[in-house]
Every structure is written in C-alpha cells, then in structure tokens.
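Chemist: Structure in structure tokens, see below.
The values are calculated or read from the model by the stated rules, or taken from the named source; none is laboratory data. Nothing here was measured: the structure is a model prediction, and the numbers come from that model. Neighbour counts are summed over all protein chains in view; Cβ atoms, including those assigned to glycine, are modelled from backbone coordinates with ideal geometry. The accessibility values were calculated without ligands, DNA or RNA, using every heavy atom of the protein model including side chains. Shrake-Rupley method; radii C 1.70, N 1.55, O 1.52, S 1.80 Å.
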Amino acid sequence: MASSSQTKDQGGDETLEEEELERFDDFTLASSWERFISEVEAICRLWLADGPKYLLDKGALCLDSQKNLYKVKSELKYGVKMYCLDYHFEINNDGKTLNWNDDLHDMQLSFGVKEFLVIAPLSASGVVLDAPEATKLLSATAIALSNCGSTWPAFVPVHDPSRKAYIGIQNMGTVLTRRFEADHIGSQVPVRLMHLEGLYELFVAKFAFSSVDLSTSFLKVYFTMKLTYRTPPDDDDIDIQGSDADIAESGENPESNTRIKIQWDDDCPWTEWYSAEDPIKGFELISIWSNKMIESSLDMAEIENASSHEAENWLLFPILSPNLNGGDTIGFASQLRLLVNALDISFEGQFMEDFMSVDKHGSDNFKSSAAVPPPTVLDRVLKDLFHEGVQISDYGKSDHKNSRSIKGAPIESLFAQFCLHSLWFGNCNIRAVAMLWIEFVREVRWCWEELQPLPRMQRNGSIDLSTCLIHQKLQMLAICIEKQHQSEHNSVESEYHTDSGNEEGSPVGGNPTQIGTSTEKFDVKRDSQPEVNSGTTVKRSNTDPENDVTSVNLQPPARIRRGSAGVVGSMMLLNSYQRMHAPYTQDAPIMTEDMHEERLRAVEALGNAFNFSAQLERDILSSDMSAFKAANPDAVFEDFIRWHSPGDWETGEMEESGRSEDHKMEGLNDEWPPRGRLSERMSEHGNSWRQLWNDAPELPASEQKPLLDPNREGEKILHYLETLRPHQLLEQMVCTAFRASADTLNQTSFGDLKQMTTKIGQLYLTIASALKPLQANHLPNKDETIDDLKRLCVVFDHVEKLLILAASLHRKLSLAPRLSKVIFTDYFNFYLPTMGTGSAGSNNQREFDMKQRVGTYEREAVVNMFPPPTANQSWRKVLSMGNLLNGHEPIVREIIFSRRDSVSDNHYWTNTPSSSSQEIETHRMYICGTSNDLRVALSVTSSD
C-alpha cells in the first residue's frame, strides 16, 4: 500500500509539472509530438522563405566533395533527445538529375533526388537504432513538410553506421508519395547478384506487391551502368628478367638469371641523385552505358558479355599519391632546405676545419645534427668527382636560357657536381659539408702538384665571369695546369719557331706546328688585313711570293727575323721594301672576377696616367710590340699601328683615286712606300702607345716574360680554396646547388606542356632574384635572407612536384598526348592556389577528382595500360563479374534500373490538367558494389 500511495503521489507530481510546463503553450499543440512537428515546420518554413542564395549569404557550408552542394543545419529537441536537421541544396538547380555526375552527393546518386533533408540524433553513431523511433521521426518530418507545402524528400539514417542504411519519404503532391529505402550486404554477396541477370531479376522482384502483370516478357526497364576499372599495381614480384624461351635459346642457366627491379624513373635526369615516388599510383577508367531499354533477362546477359569498347563514354581519372598534394618528400627541394640551414650555421666559424670537431663547437644546432657518412661513402663521392676521367668540351649546351642569370656554375662542371653531391652527403649538415670540402681541396691540390688535368673542367678559353668565383678559380687552375704541362716542351717548340721565322714566303698560318703559341686575337687581325690594305697592295707579274722580296731587296736585312708566324698578305714595311710579318704573340692573361676588381683598384690608385682600358691592356700591348719588333727588325711605330690597329692608319682615299689614271699610264703595278698617316690620337705629342713602342725590347713571344705566371697563379688559387671562409663557401654552394638542381630538372622530358615550360622559366628568374644578396660581399640582413631562401625552397618544391607529375603523365600517356595535356592542365589549375603557401599542399585539403573523356581514337592507348593479368594476379580472383577489360574485372559496378509510367494511363492519374501527359519514375533501384559489398537503394512512387 505504501508503495502504491507513493506511486500515486509521484504520478500526481508529474501531472502537476506537466501542467505547469504547458500552461503557456498553444492549446492546439496538445502533446510533445505535435510540438516537435511544429518546430520542424517552423525551421523548414524559414529555409523555404530564405531560398538557396540567401541561405548561402547567411553562412551555408559547402561540401568539399561536391562543389555545388551546400548544407545548413538546425538542432531541435524531442523528449529527452537532441536531433539535428540538415538541409542539402544546390545553387544552380535546373531540375535535371544526371546519374553519373561527379558533383552528386551519395544520397542524390542513390535515390535520384536533388535537394533533401536528413534528420538524425546528435550521438556518436548518428543513426537511429530503434525502428519505431525512426518511423516516428520520419512521420513527423513528412507532416511538417506537408504543412509547409514542400516536396523535399526527408531521410533518417538507421541500423549500424557502416551499413549506410536509410529510410525516407517524399510528398510529391496531393496524390503521389515516394518512399525510399537503402541497405547493403556486407558479407559475401550471392553469386547471382554479381551478374547483371541476377540484379535485373532482383529489381523485377520488387514489383510483386503490385496487381499489374509483371511478366518479364512485357516489362520494359530502363538500364544505365557505370563500370570502374583500375590499372593493376606494380607488384613486388614484377621484375625485369628474360622469358623462359629467351633463356633457353641463349643457353643460360635459369637459376643464375638475376631479377632486377626497374623503377619508373630509371631514365629520368634526377635518378642520379634520388629516386622519386611515382606521383601517379595508377588510373581509374570509367565506362558508361546509358539509357538502354531492357525487356528480358536475356538482354542483361548479352550486355554482360559485351566488350567495354561498346560503352558510350570512357572517362579517365589518375590516382595520385597523397604526398603530391601535401606531405614532405625527398627531392632537391628538401636537400636545398638542409643546405640553407648549413649556410645559417656557417657564420659561426672562421674556417671549415672549425666545424670538423663537435666538442670544439658550442652551437646546439650544430651538435644536434653533426652526423657524417662513413669513409667508404666519402671515397665513393671523391672517386665520382675526380677519377672518372670526365672532360667537358663545352658548357651550357642544354642549359635553359635563364640559367645564366643565376651566378652559380654549369651543371657539368666540377664545382656544380661537388654541390650536388654535398646535398646528399650525409644529411647535408655543416660538418658533413666541411669534411667533403676539405677532402675536395686535397684532391684539387694533388691534381695541381702532379699536373693532372682537372676533371669536368675546360682547359682553354676565357674565364666565364657570369659564374661563381670558385668555378672561375677552378677553371683558371685547369688552364694553369695545362700551361705548366706544356712548358716542359717549350724549349724545343721555341727553337723550331725561330728557325721557321726566317722564311720570307711562309704564309700566315701555314704549318699547324708553327702556330703553337698563336692566339685567336692574331686570327682576327689576319682576317681583317685584305680589307684594310686593299689599296696599297704591291703586285708584280710573273713572280712568285718566294722570289718577290729577293728580286727587289738589293741589300738583305742586317738583323735576324725571330718569332714570325708568316707574312701578312701583301703588306709592306714603310722604311724598307720588305714584307710585313705577323708575330707569334702571347695569350691575353686570363683573370677571374676578383683579379679584375684588384686591377681596377690599382688603376684608381695610380691616377689618370692611362685611361682604364689602356691600363688593363698595357702589358699585353707591350708584349705585342716586342714580338712585332722581333718579327720585323726594320719596322717602325707606324708599321705596328697598320698591323695592330688599322683603324688608326688613315690612307687618304681621295688622293689615291685622283692618282689612279697616272698609275695606269705609267704601267705601274704597285706603289711603295705605302701612302697614309697616323690618326690624330696616335700622332699627338706624348702618345702612350709611342712611349711603349720606344721602351719595348725586341723579343719574340717565346723569350718574353709570361703575361700569366701559371705557377704563381696556381698557388694563389689553392691558397684561396684552403682559406675560404665558411659562409663564403656556403653562399656560392647555395647559388650553384639551386642552379644545378634546376638545370637537372630542366632536362626532364614532359611533352608539350606549356604551363610546365612557363613555370620552369619563372623558377629560374625567381631563384636569380632570391640569390642576389648572396653575391654581395656581406649580407645586409642575414636572418631575412635565410627566411627568403627557405621560402624559395618551398617554391622549388612546388615546381619539382609538378615536373615529376608531368614526366610521369608523359611516360604513361605517350600514345595519347592530348589526354596527358588536359589531365595535367586540370591538376595544374587545381594545384595553383596552393603555390606560394607555407608548404606544398598544406592549405589544400581537397582531393583532385577531375575526370577526362577518352576519345575513340585514344581508347587503344588507354587499354595498353591494362596488361593481361599475370598468373599471380589471376588466382586472386574470387568471382567473375563479367564485362572484362583486357582480362581485368571492374573494381566497382554501379547500375540503375528504373521504370517509368505516364500518370494518365494508370492509377497514378489525377485530374490536374498539367499532369495529363507527365511521365514519372515509379520505381528506381541503384546498385553499387563488389563481391564483398553490395549496396542497394530503392525508391517507389505510389498513391497510397
């Protein structure tokens, strides 16, 4: 009794509480059920009044996977539970439903709807596990939508979340109602449901509740299908080896045959330094059959056995590596970032040897990453640099046109190869760089002391001042080694040249052995003589050049001619009737950039005794004058000017032309002495050239003091390399490493992709601009420069990833270049917004999902990417789904069966005039799945 009274008291309290709570409510809403319907109705009326565009302005969320689908949500309470009501809508809603549109939501594709509501509990699972509760939620939502006059379909998620099961309802007017249901089979799918015939029979079986005759011979069903194929993966057991037949023919032992794994980028230019992950893991091919009329299950069997080439549309989609759109990868960009870190630390030491000991160096950053490779790795690197015997004939044949804007070193050169090796030597920390540099300089000194040619360096030509200073020094050292090597034979060569210089008729450049010390400068002078002396040439008939001088010279020259390279055309000396001889001259002294700056400072210190150009050329001019005097003992200053600087010898053309008739009358064939005079600047008092002429001794080039002392210059270069400050070394290494890395990537073959070509050109200019502060003698703001270089590494990373993608696309779609171009263009436009951000792909969470239509003429090239399955791949098949593509089954099959009826011809008819000729989709079934997962979504329209 006590318990009974207590129960009554509790019941009375609850009644009192309920009355107090409902005291201020609308009395037409008698229950919480009706209040819940009213709340849903109020929310839906608000969304209907706002419309899609205004909802977007109020903060509707865009679904990342669907570009045109947005969502708004509202929370509401029913009883003690909280629920979330989501409204999905599209901005551009034309009313048409495309079955295989990439922008469709899973609900849109499953049920053929455009906009819809989803009501679900606010719980961890987000589904309704109780069937009566799900029915109650759906009924309340349907009543609210009916009160609003809305035709939005509403769905409630049910069962386990992994099943993606839904029930739904849609009010289509005063008569018609559409019901939805979706579920899936998560275990082994029955064999008959893996074939089109069984799926067709499943769809037909859903009409059993109708009183209409549903005999398969009279039922017309619309059918559309989408098959997805995926290129087979590169299995670990797919190696390059000879076939059994080839091995048998060659007589080799099959057991001794080596299996070699071939990487996708083995012939790409970057593989010398690293192996890149293939950014394209494969391709998905989608083949689509659209709107076929099926009258019997036999038609389905015929379609299943048909070739995929009969599909109306083929769409190709690349499967990209997740690291392509985010994540760190190993490449030039990652190693350049480490080199920039080494540059940052390099300012803490005076010499590279300071970084060899961890104990002596107090930097925490240095101690944290001070690992160096073992000696075997060091030996391998040095062997690759110095002992391969590689000689370079010409730099820059394959360089990009913007490559020289970066003050580094050509990629083929010794220093550029050193910088590339340093990127991968250990973890490119400052200690590893110091160790490699010290050993590098030791090898360079050994080449100098043993007079061994420097590998990868040109041994002739001028110094390229557009390169970094270390490359200039190494190039000059290579020339010094070559000159030192030649000096051992100079005594024999000079004796031979002295003897041959007495021959009057020897032509300029006659015997190649006599031009051992001639220069390109001499060749230019020789080529210009016929034009300069055309008016003063002495001609004698019936005489050969050998007898020309002896027949006129009654008195032979008193002095011996030395260092002659041969006569200069028909030019004659002014004071004696002798042919002018061109001398052998010394090569112009080569100078590096710092030597030019040193001479400039010297000129500024000496004042204006000579102008700048004359001061730089004074030693060369004096040497040329001495050699000319030795080759022409009777020459005067005017003769030298006629040979060396013909522009400063004025011949008086008018006077010559006025006397031409007299010459013809007298029958003269030549004129001597040659007419003319010095130019005004050469004839002025105190001319510096005449002073040099007067002071120049009469010595051939072989007896002169060398303009370039190779021994002294070589030792100076070695001293520079051994005492170079760490930050000066690292600055030049950074410049050269960026240029060499860009040059390496530039050699990649990626087809006719204009976006990639433009991006590479822009990369060179960006690198050149960012590296300008490193070319100065000191950094104005070190921290700011280091930050700029790190940002440059990010830009380099973007371009490097795009280039590797372009190369992979070009290789895989070489037979379909149009496809390669359009796929890369799509990804380039997709990736472009992320370029310039903090890290590659960091701000881009979307996935690339654009598909390209395959043309009829391109299908064969795509099929080639699906080689017939190997024996190891064949046994993995569990069930045959049909519709094979070159022996491969589709990984996913999506099918839509539908039946349509005209509302005027059956019980769906209404008295509405507008619906007299309307055709509606009465039944629809969407099927998607594989042998282990089959999802079925059904929608049925009825008038009940």
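Chemist: Of 678, 707, 753, 763, which residue is under 30 Å from residue 592 (Cα atoms), buried (at least 16 other Cβ atoms within 10 Å of the Cβ), aliphatic (A, V, I, L, M) and in contact (Cβ under 8 Å) with a residue 40 or more places away in the chain?
Modeler: Sole residue among the options that is under 30 Å from residue 592 (Cα atoms), buried (at least 16 other Cβ atoms within 10 Å of the Cβ), aliphatic (A, V, I, L, M) and in contact (Cβ under 8 Å) with a residue 40 or more places away in the chain: 707.
Chemist: Considering every residue within the range 754-774, establish whether at least one is more than 22 Å from residue 403 (Cα to Cα) and not in a helix (DSSP H, G or I).
Modeler: no
Chemist: Out of (1) at pLDDT below 80; (2) open to solvent by 30 Å² or more (accessible area, probe 1.4 Å), the odd one out for residue 603 is which?
Modeler: (2)
Chemist: Let me spell it out: the conditions are (1) modelled with pLDDT of 75 or more; (2) surrounded by 12 or more Cβ atoms within 10 Å (Cβ to Cβ); (3) within 22 Å of residue 572 (Cα to Cα), and residue 694 meets all of them except one. Which number is the exception?
Modeler: For residue 694, the exception is condition (2).
Chemist: Mind listing whichever residues of the range 881-906 are modelled with pLDDT under 65 and in a loop (DSSP other than H, G, I, E, B)?
Modeler: Once the filter is applied, which keeps residues that are modelled with pLDDT under 65 and in a loop (DSSP other than H, G, I, E, B), the range 881-906 yields only 906.
Chemist: Across the range 163-179, what is the number of residues that are closer than 10 Å to residue 146 by Cα, of a type in the set (A, V, I, L, M, F, W, C) and at pLDDT 90 or above?
Modeler: Total satisfying the criteria: 0.
Chemist: On to the next question. For the range 326-410, give me every one of the helices (runs of 4 or more DSSP H) that falls completely inside it and has 3 or more residues that are open to solvent by 40 Å² or more (accessible area, probe 1.4 Å) and modelled with pLDDT of 85 or more.
Modeler: So the answer is 332-346, 375-386.
Chemist: Which residue out of 823, 786, 804 is open to solvent by less than 60 Å² (accessible area, probe 1.4 Å), at pLDDT 90 or above and either in contact with an Asp or Glu (Cβ under 6 Å, 6 or more places away or on another chain) or within 16 Å of residue 337 (Cβ to Cβ) (or both)?
Modeler: Among 823, 786, 804, only 786 is open to solvent by less than 60 Å² (accessible area, probe 1.4 Å), at pLDDT 90 or above and either in contact with an Asp or Glu (Cβ under 6 Å, 6 or more places away or on another chain) or within 16 Å of residue 337 (Cβ to Cβ) (or both).
Chemist: Going through 676, 751, 714 one at a time, which residue ends up being over 30 Å from residue 404 (Cβ atoms) and of a type in the set (Gly, Ala, Ser)?
Modeler: 676
Chemist: In the range 140-153, how many residues are in a loop (DSSP other than H, G, I, E, B) and either open to solvent by 70 Å² or more (accessible area, probe 1.4 Å) or β-branched (Val, Ile, Thr) (or both)?
Modeler: Filtering the range 140-153 down to residues in a loop (DSSP other than H, G, I, E, B) leaves 149-153.
Remaining after also requiring either open to solvent by 70 Å² or more (accessible area, probe 1.4 Å) or β-branched (Val, Ile, Thr) (or both): 151.
Looking only at that region, the number is 1.
Chemist: Here's another thing I want to ask about it. Residue 298 versus (1) over 30 Å from residue 203 (Cβ atoms); (2) open to solvent by 40 Å² or more (accessible area, probe 1.4 Å): which is the lone unmet condition?
Modeler: Result: residue 298 fails condition (1) only.
Chemist: On the basis of being among the charged types (D, E, K, R), assigned to a loop (DSSP other than H, G, I, E, B) and modelled with pLDDT of 90 or more, does residue 284 make the cut? I'd like the intermediate steps shown before the answer.
Modeler: Details: among the charged types (D, E, K, R): yes; assigned to a loop (DSSP other than H, G, I, E, B): no; modelled with pLDDT of 90 or more: yes.
So residue 284 does not fit the description; no.
Chemist: With the condition kept exactly as written, say whether any residue in the range 425-440 is surrounded by fewer than 20 Cβ atoms within 10 Å (Cβ to Cβ), modelled with pLDDT under 95 and either within 30 Å of the chain's Cα centre (by Cα) or not aliphatic (A, V, I, L, M) (or both).
Modeler: Yes, because at least one residue in the range 425-440 is surrounded by fewer than 20 Cβ atoms within 10 Å (Cβ to Cβ), modelled with pLDDT under 95 and either within 30 Å of the chain's Cα centre (by Cα) or not aliphatic (A, V, I, L, M) (or both).
Chemist: Something else about it: Checking residue 33 against (1) more than 40 Å from the chain's Cα centre (by Cα); (2) modelled with pLDDT of 85 or more; (3) surrounded by 13 or more Cβ atoms within 10 Å (Cβ to Cβ): exactly one of these is not met. Which one?
Modeler: (2)
Chemist: So which residues in the range 441-476 are within 28 Å of the chain's Cα centre (by Cα) and surrounded by fewer than 19 Cβ atoms within 10 Å (Cβ to Cβ)? Outline the logic, then answer.
Modeler: From the range 441-476, those within 28 Å of the chain's Cα centre (by Cα) are 456, 466-468, 471; that's our starting set.
Selection gives 466 alone.
Chemist: Filter the range 261-273 for residues that are part of a loop (DSSP other than H, G, I, E, B) and open to solvent by 20 Å² or more (accessible area, probe 1.4 Å); which is farthest from residue 737 (Cα to Cα)?
Modeler: 261
Chemist: Another question, then. Any residue in the range 764-776 that is touching a His at 6+ places or on another chain (Cβ under 9 Å) and under 16 Å from residue 741 (Cβ atoms)?
Modeler: Yes, the range 764-776 has at least one match.
Chemist: Here is a further query. Can you tell me which condition residue 465 does not meet? The list is (1) modelled with pLDDT of 95 or more; (2) assigned to a loop (DSSP other than H, G, I, E, B); (3) of a type in the set (A, V, I, L, M), and all the others hold.
Modeler: Exception for residue 465: condition (1).
Chemist: Does residue 179 satisfy the condition of being basic (Lys, Arg), assigned to a helix (DSSP H, G or I) and surrounded by fewer than 18 Cβ atoms within 10 Å (Cβ to Cβ)?
Modeler: No.
Chemist: Quick test of your reading of the structure: residue 633 fulfils all but one of (1) modelled with pLDDT of 80 or more; (2) open to solvent by 40 Å² or more (accessible area, probe 1.4 Å); (3) not in a helix (DSSP H, G or I). Name the failing condition by number.
Modeler: Result: residue 633 fails condition (2) only.
Chemist: Name the residue, out of 497, 485, that is open to solvent by 40 Å² or more (accessible area, probe 1.4 Å), of a type outside the set (A, V, I, L, M, F, W, C), at pLDDT below 90 and in a helix (DSSP H, G or I).
Modeler: Result: 485 is the single residue among 497, 485 that is open to solvent by 40 Å² or more (accessible area, probe 1.4 Å), of a type outside the set (A, V, I, L, M, F, W, C), at pLDDT below 90 and in a helix (DSSP H, G or I).
Chemist: Scan 441, 381, 433 and give me the residue that is among the β-branched types (Val, Ile, Thr) and over 18 Å from residue 722 (Cα atoms).
Modeler: Within the list 441, 381, 433, the selection yields 381.
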